[in-house]
Amino acid sequence: MKAVARNAVRVLLIGVAIAVMIVLPSYVSDFHSRDLAQAGVFFIAIVGLNIVTGYAGQISLGHGALMAIGGYTTANLVAHHGLRDVWTIPLAGLLTGVIGLLVGLPALRLSGLYLALATFGLSVAMPSILKHFSGVTGGDLGLRLVEEAPDKITGLSGTVTIWGYTLTQNHFLYYLTWSIALVLLVAAWALLRSGTGRAFRAIRDSELAAESFGVNRALYKTLAFGISGFYAGVAGSLLVVSAEIVNPLSFTFLLSITLLVGTVVGGLGSLSGMIVGAFFLEYLPDLSDRVSRAPGVASIVYGAVIILVMIALPGGAGGALKRFSEPLTTRLYTRSQ
Amino acid sequence: MVFAADWAGFAQQVVGGLASGGIYAMLALALVLIYRSTGVVNFAQGEMAMFTTFLAWALVQHGVGYWGAVALTVLIAFAGGIALERVIIRPVERAPALTIAIVTLGLFFLLNGAAFWIWSPEQKYLRSAFSTRPVEIAGVQISIQDLGVIAVAVAAATLLAVLFRFTKVGLAMRAVVANPDSSRLLGIRVGWMLALGWGLAAALGSVAGLLTASPSFDQSFMQPVLLYAFAGAILGGIDSALGAVVGSLLLGVFLNVVTSLDTLGLGWTIDNDLRLPAALAVILLVLLIRPSGLFGTAQVTRA
């Protein structure tokens with residue numbers, strides 16, 4: 001009875017959420033749906049980061065660098081190889097996934113803070129690496145898809161027609177991003193409920209105990225980075241699809257830290273919390289701009305929020321949600337059982 | 001003749017490398033100080049130094065003499081480090097290291113944002129502590145600034161060693177690292193010793209910041225230095241103070257030499273803009289081959 005009731009509530013909530021997401025663009029300005037699409041990009045990236053950091057317990061300060069790989073894959077394929085932008089998204093995800101596996105290899109020997117340092121180094125060094133390989137990346141200037149391959153950008157003319165529906169470019173980006181986000185969220189949810197997810201959590205809670213129960217530590221640690229890399233790659237790719245331009249400064253290490261902020265605020269180890277994290281990342285700069293236009297205010301608020309969350313609410317929004325909802329819901333169904 | 005010219009060029013690169021290595025060493029020492037006492041990597045170390053450098057600049061703008069401003073800045077940094085530990089780190093003292101590392105990342109944002117907010121984003125100019133005039137030693141042109149930086153780094157490291165080895169406070173700080181519970185039973189104020197560690201680290205960092213800042217700096221000028229300091233500390237072994245100094249000096253020389261191989265007559269060199277990736281490579285190699293670094297203690301974990 002309990003499980004049925006809980007699932008019914010869940011399905012209802014998810015249905016409502018999806019319905020809201022579908023009609024939302026009609027209620028906001030066209031330009032605003034691009035911001036919402038951007039929130040979707042953050043959402044995908046931090047769901048991926050949460051898989052490796054929140055569930056598998058491997059801190060990564062290098063996800064901005066992984067997004068850079070996805071973003072540049074898309075930019076390069078569109079600008080230099082003439083692929084249509086949307087078709088590069090899965091390719092960017094796959095390539096970044098492979099790179100993620102490679103990043104995961106050092107993680108086999110490193111844990112905790114050493115891993116944090118190594119991945120931090122990766123994201124600090126990434127812009128220099130991107131500048132260096134200017135043949136592929138366009139160097140300092142980066143790649144401008146609008147100039148190099150305008151015919152490959154979906155919706156540059158202003159509208160996109162799919163199956164007879166005509167959408168503005170911003171609405172198209174919104175629906176594109178959030179449908180991918182939904183698919184990837186469901187995939188993450190299924191993955192984390194499976195044996196693989198259990199292995200991730202076991203490694204997070206105690207590597208030694210996990211190994212003595214036969215969990216292949218090396219396999220699952222690398223796998224977590226690989227899957228997480230796929231998410232980061234898709235997010236980076238979508239970022240470039242909507243920005244139509246990319247340069248080394250699009251992916252500084254501040255992006256990596258920002259993603260970690262979003263994950264922490266949303267709640268490490270909580271998928272539903274990531275929606276809060278994503279909107280926090282997207283709208284906090286706007287909100288702080290409204291309070292004060294002085295430079296640096298957004299960073300101050302980011303910093304203060306992350307410190308306060310870690311001190312007062314280490315579970316983030318997801319953890320808080322659980323804490324508030326649990327007593328009520330348990331009361332609701334324990335009687336009928 | 002060609003050989004002689006190459007030798008002088010090489011020696012110049014080495015001295016220059018020692019000078020930048022000396023700056024990395026001070027920040028690396030600061031990192032090691034905090035790592036040893038609290039087991040935390042302080043990602044905000046570079047931004048703390050950035051912030052205090054802006055303070056020094058502001059003091060000079062308000063008419064304080066350069067050396068007065070330097071002295072005041074180091075003192076403020078010391079007090080500020082203690083305050084940060086008390087206010088921000090204390091509440092999460094018992095949390096997992098990861099949580100504390102994330103808090104220091106929050107501090108990173110906070111200080112970075114505050115510096116943008118208080119001081120506008122334009123480049124700032126600060127005079128150098130030492131003259132940049134070159135002197136010739138044994139046929140090698142060396143700038144007085146490089147020598148001065150090396151001297152300051154050596155002096156800072158020595159002072160720290162003396163503090164830890166020969167003073168009562170130093171002994172208490174070492175005791176807290178070795179065994180906090182027993183230290184508390186012996187009447188050592190454990191919390192204050194940890195705060196003192198943060199204060200010392202901040203003061204060291206502020207010197208590193210001041211030495212890096214001339215001729216010009218902005219809000220992000222310490223971020224690459226932080227990575228170099230991490231690389232130096234890891235190369236030397238992240239829990240070893242001696243290692244931090246040696247590792248950073250080696251790293252400074254290494255980076256200078258590999259980016260100027262062509263001037264040394266090899267006809268090929270590593271691009272100067274690959275300094276950061278080179279430091280990353282050092283970090284990865286050390287962590288993969290010998291995670292305890294040159295002087296660190298190998299970690300044995302017990303579940």
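The values are calculated or read from the model by the stated rules, or taken from the named source; none is laboratory data. Since this is a predicted model, take the numbers as computed values, not measurements. Positions of Cβ are backbone-derived with ideal geometry, glycine not excepted, and every protein chain shown enters the neighbour counts.
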Exercise. Among the numbered conditions (1) crowded, with 18+ Cβ neighbours inside 10 Å; (2) closer than 22 Å to B:Glu47 by Cα; (3) not charged (D, E, K, R), tell me where B:Leu274 comes up short.
Key: (2)
Quiz item: Within the stretch B:123-138, is there a residue that is surrounded by fewer than 21 Cβ atoms within 10 Å (Cβ to Cβ), more than 9 Å from every other protein chain (Cβ to nearest Cβ) and in a helix (DSSP H, G or I)?
Solution: no
Exercise. Give B:Val257, B:Val245, B:Val286, B:Val282 a once-over and let me know the one that is crowded, with 18+ Cβ neighbours inside 10 Å, at pLDDT 85 or above and either more than 11 Å from chain A (Cβ to nearest Cβ) or part of a loop (DSSP other than H, G, I, E, B) (or both).
Key: B:Val245
Exercise. Report yes if A:Leu61 is buried (at least 20 other Cβ atoms within 10 Å of the Cβ), at pLDDT 85 or above and under 19 Å from the mean Cα position of the chain (by Cα), otherwise no.
Key: yes
Quiz prompt | the stretch B:96-115: number of residues that are more than 7 Å from chain A (Cβ to nearest Cβ) and polar (S, T, N, Q) | solution = 1
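Taking into account only those residues within the stretch B:1-60 that are among the aromatic types (Phe, Trp, Tyr) and modelled with pLDDT of 90 or more, which is nearest to B:Ala202 (Cα to Cα)? Steps first, answer last, please.
As a first pass, look at the stretch B:1-60 and keep what is among the aromatic types (Phe, Trp, Tyr): B:3, B:7, B:10, B:24, B:35, B:43, B:51, B:54, B:57.
Cutting the leftovers down to modelled with pLDDT of 90 or more gives us B:24, B:43, B:51, B:54, B:57.
Values: B:Tyr24: 14, B:Phe43: 12, B:Phe51: 10, B:Phe54: 14, B:Trp57: 17 Å.
It comes out as B:Phe51.
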Quiz item: Which of the residues belonging to the stretch B:191-232 are more than 30 Å from B:Leu285 (Cα to Cα) and either surrounded by fewer than 18 Cβ atoms within 10 Å (Cβ to Cβ) or touching a Cys at 6+ places or on another chain (Cβ under 6 Å) (or both)?
Solution: B:Gly191, B:Trp192, B:Ser214, B:Pro215, B:Ser216, B:Asp218
Self-check item: Residues of the stretch A:156-203 classified as free of Cβ contacts under 8 Å to residues at least 60 places away in the same chain, touching a Ser or Thr at 6+ places or on another chain (Cβ under 9 Å) and among the hydrophobic types (A, V, I, L, M, F, W, C), total
Solution: 3
Exercise. Please go through the stretch A:128-138 and pick out each residue that is more than 8 Å from every other protein chain (Cβ to nearest Cβ) and crowded, with 16+ Cβ neighbours inside 10 Å.
Key: A:Leu130, A:Thr137, A:Gly138
Practice problem: Would you please list the contacts, defined by Cβ atoms under 6 Å and residues six or more apart or on different chains, that run from a residue in the stretch A:253-273 that is at positive phi to a residue that is surrounded by fewer than 24 Cβ atoms within 10 Å (Cβ to Cβ) and hydrophobic (A, V, I, L, M, F, W, C)? | Solution: A:Gly267/A:Ala317
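Out of A:Leu108, A:Leu117, A:Leu77, report the one residue that is within 14 Å of chain B (Cβ to nearest Cβ), part of a helix (DSSP H, G or I), surrounded by fewer than 24 Cβ atoms within 10 Å (Cβ to Cβ) and of a type in the set (A, V, I, L, M).
Within the list A:Leu108, A:Leu117, A:Leu77, the selection yields A:Leu108.
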Exercise. Select, from B:Asp181, B:Asp146, the only residue that is of a type outside the set (Phe, Trp, Tyr), part of a helix (DSSP H, G or I) and over 24 Å from B:Leu27 (Cα atoms).
Key: B:Asp181
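Yes/no per residue for (1) of a type outside the set (S, T, N, Q); (2) part of a helix (DSSP H, G or I); (3) over 29 Å from B:Met173 (Cα atoms):
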site	(1), (2), (3)
B:Ala25	yes, yes, no
B:Val41	yes, no, no
B:Thr73	no, yes, no
B:Arg94	yes, no, no
B:Ala101	yes, yes, no
Quiz item: In the stretch A:33-57, what count of residues is obtained for those that are touching a Leu at 6+ places or on another chain (Cβ under 7 Å), more than 19 Å from A:Ser272 (Cβ to Cβ) and buried (at least 24 other Cβ atoms within 10 Å of the Cβ)?
Solution: 1
Practice problem: Among the residues of the stretch B:44-69, write down those that are farther than 21 Å from A:Gly296 by Cβ and crowded, with 19+ Cβ neighbours inside 10 Å. | Solution: B:Val60, B:Ala69
Self-check item: Top-ranked residue of the stretch A:279-297 - restricted to ones that are over 19 Å from A:Phe43 (Cβ atoms) and among the aliphatic types (A, V, I, L, M), ranked as modelled with the highest pLDDT
Solution: A:Val297
Practice problem: Looking for whichever is among the aliphatic types (A, V, I, L, M), within 13 Å of chain B (Cβ to nearest Cβ) and closer than 28 Å to A:Thr88 by Cβ here; the options are A:Leu238, A:Leu259, A:Leu268, A:Leu223. Which one fits? | Solution: A:Leu259
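Out of A:Val52, A:Val20, A:Val16, report the one residue that is part of a helix (DSSP H, G or I), farther than 25 Å from A:Val103 by Cβ, of a type in the set (Val, Ile, Thr) and modelled with pLDDT of 85 or more. Spell out the reasoning first.
On the way: A:Val52 fails: farther than 25 Å from A:Val103 by Cβ; A:Val20 fails: modelled with pLDDT of 85 or more.
Exactly one of A:Val52, A:Val20, A:Val16 is part of a helix (DSSP H, G or I), farther than 25 Å from A:Val103 by Cβ, of a type in the set (Val, Ile, Thr) and modelled with pLDDT of 85 or more, namely A:Val16.
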Quiz item: Of the residues that make up the stretch A:219-238, is at least one touching a residue at least 24 places away in the same chain (Cβ under 8 Å), in contact with a strand residue (DSSP E or B) (Cβ under 8 Å, 6 or more places away or on another chain) and more than 25 Å from A:Gly57 (Cβ to Cβ)?
Solution: no
Quiz prompt | Single unsatisfied condition, B:Ala30 versus (1) under 21 Å from the mean Cα position of the chain (by Cα); (2) assigned to a helix (DSSP H, G or I); (3) hydrophobic (A, V, I, L, M, F, W, C); (4) within 12 Å of chain A (Cβ to nearest Cβ) | solution = (4)
Quiz item: Going through the stretch A:254-313 one residue at a time, which ones are outside any helix (DSSP H, G or I) and either more than 18 Å from the chain's Cα centre (by Cα) or crowded, with 24+ Cβ neighbours inside 10 Å (or both)?
Solution: A:Gly267, A:Leu268, A:Ser292, A:Arg293, A:Ala294, A:Pro295, A:Gly296, A:Leu313
Quiz item: What are the residues in the stretch A:239-251 that are in a loop (DSSP other than H, G, I, E, B) and at pLDDT below 85, if any?
Solution: A:Glu244
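Does the stretch B:76-85 contain any residue that is closer than 25 Å to A:Ser292 by Cα and not in a loop (DSSP other than H, G, I, E, B)? Explain how you work it out, then say what you get.
Step one: filter the stretch B:76-85 for residues closer than 25 Å to A:Ser292 by Cα, giving none.
Scanning the stretch B:76-85 turns up no residue that is closer than 25 Å to A:Ser292 by Cα and not in a loop (DSSP other than H, G, I, E, B).
Does the stretch A:25-45 hold any residues that are aliphatic (A, V, I, L, M) and at pLDDT below 80, and which are they?
First, pick out the residues of the stretch A:25-45 that are aliphatic (A, V, I, L, M): A:28, A:36-37, A:39, A:41, A:44-45.
Matches in the stretch A:25-45: A:Val28 only.
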